[in-house]
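One structure below.
The values are calculated or read from the model by the stated rules, or taken from the named source; none is laboratory data. Every value quoted in this text rests on a predicted model; they were computed, and no experiment measured them. Cβ coordinates were reconstructed from backbone atoms using ideal geometry, including for glycine residues, and neighbour counts include every protein chain displayed. The protein model used for the area step is the full one, side chains on, heavy atoms only, and it has no ligands, DNA or RNA in it. Shrake-Rupley method; radii C 1.70, N 1.55, O 1.52, S 1.80 Å.
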Amino acid sequence: MSNRQDLSFEQLRIYYDERGKRLNDNFKRTLELLTDDGKYNYVAYLLTDENGNSIKVAKYSSLDRCNLIENNEYGYCSLIKATKSVLSKLDIENKVAATITPMERIETPLWNKVALREAVINAIVHNDYSFEVPPKFEIFPDRLEITSAGRLPESLTREEFFNGISIPRNKELMRIYRDVELVESLGSGIPRILQAYGEDCFKFTDNFIRITFPISEQDGTQSAPSRSLMLKTSIS
């Protein structure tokens, strides 16, 4: 349950209006934002116009976490607004390198754009907010790390996870993100990530899931040193 009950949802209304959908007077019940006794639940708190949650996007000049050069916070607002802000920030950081060949100009972003979007949204929608720890996004000179709280659901094996079988941790959030067309809810996100980076980009611990995207070479391939480093990185 939300520890605050004075919640407003004007931002949520705007996102629904943008998709040609209107929230009626019963939307709090329809979107499952209420407990059985009519109180706002924690999903409602995440989606309210003002809350205490903030998602960090940090940038380092070193391969470890010693030299922080930029720390941006996106939050204290509807989780949907924070999600869009994180996507916009990482889109800016996802610079494109150009290689000129005798036949053509080849442009390669630092990270695969489709996989990046899927990873960001998956980390936010499937984060275990009972830890009261939002996902974090960290940019290093050789990689991007996305860390979300929570392990795989007990009823979902790693094989099933990698095969695109989806068991939403936060089904209310998933429904709303689908309504505003941020997710498809078809289990296609993980296969899209795997298509670009393979299973090795995922690291699972008892309390966290981390995705690591090494920076692409100009020819669009992943560098072996980055992939090796990725496997050695621990959750912190």
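Of all residues in segment 11-32, those that are over 15 Å from residue 78 (Cα atoms) have Cβ atoms under 8 Å from Cβ atoms of residues that are of a type in the set (Phe, Trp, Tyr), 6 or more apart or on another chain, in 22/16; 23/9; 23/16; 27/9.
Filtering segment 198-219 to residues that are open to solvent by less than 30 Å² (accessible area, probe 1.4 Å), closer than 17 Å to residue 159 by Cβ, part of a strand (DSSP E or B) and out of contact with any His (no Cβ under 9 Å at 6 or more places or on another chain) leaves only 202. Quick one: in segment 158-197, which of the residues that are assigned to a loop (DSSP other than H, G, I, E, B) and over 26 Å from residue 19 (Cβ atoms) is least open to solvent (accessible area, probe 1.4 Å)? Result: 165. Checking segment 147-157 against the condition returns a match, with at least one residue being closer than 30 Å to residue 14 by Cβ, touching an Asp or Glu at 6+ places or on another chain (Cβ under 6 Å) and hydrophobic (A, V, I, L, M, F, W, C).
Applying a threshold of 6 Å to beta carbon distances and a minimum spacing of six or more residues, or different chains, the list of pairs starting in segment 55-73 at a residue that is more than 17 Å from residue 89 (Cα to Cα) and ending at one that is surrounded by fewer than 15 Cβ atoms within 10 Å (Cβ to Cβ) and of a type in the set (D, E, K, R) is empty.
For segment 15-53, residues that are of a type in the set (Asp, Glu), open to solvent by less than 70 Å² (accessible area, probe 1.4 Å) and more than 16 Å from residue 5 (Cα to Cα) total 0. Picking from residues in segment 54-69 that are assigned to a loop (DSSP other than H, G, I, E, B) and not aliphatic (A, V, I, L, M), the one that is most open to solvent (accessible area, probe 1.4 Å) is 66. Every listed requirement among (1) of a type in the set (S, T, N, Q); (2) part of a strand (DSSP E or B); (3) more than 17 Å from residue 52 (Cα to Cα) is met by residue 72 save one, (3). Cβ-Cβ distances below 6 Å connect the following pairs, each with a first residue in segment 104-117 that is open to solvent by 30 Å² or more (accessible area, probe 1.4 Å), a second residue that is assigned to a helix (DSSP H, G or I), and a separation of six or more residues or different chains: 112/196; 114/192. If you filter segment 22-36 down to residues that are part of a loop (DSSP other than H, G, I, E, B) and more than 24 Å from the chain's Cα centre (by Cα), you find that the one that is farthest from residue 179 (Cα to Cα) is 36. Among the residues making up segment 19-54, those that are under 30 Å from residue 93 (Cα atoms) and out of contact with any strand residue (DSSP E or B) (no Cβ under 7 Å at 6 or more places or on another chain) are 19, 43, 45, 46, 47, 48, 49, 50, 51, 52. Restricted to segment 86-100, and to residues there that are touching a residue at least 12 places away in the same chain (Cβ under 8 Å) and among the polar types (S, T, N, Q), the residue that is surrounded by the most Cβ atoms within 10 Å (Cβ to Cβ) is 94.
For the residues 150, 164, 187, the requirement of being touching a Pro at 6+ places or on another chain (Cβ under 9 Å) and without any contact (Cβ under 8 Å) to a residue 60 or more places away in the chain singles out 164. Among the criteria (1) assigned to a strand (DSSP E or B); (2) open to solvent by less than 30 Å² (accessible area, probe 1.4 Å), the one residue 83 does not fulfil is (1).
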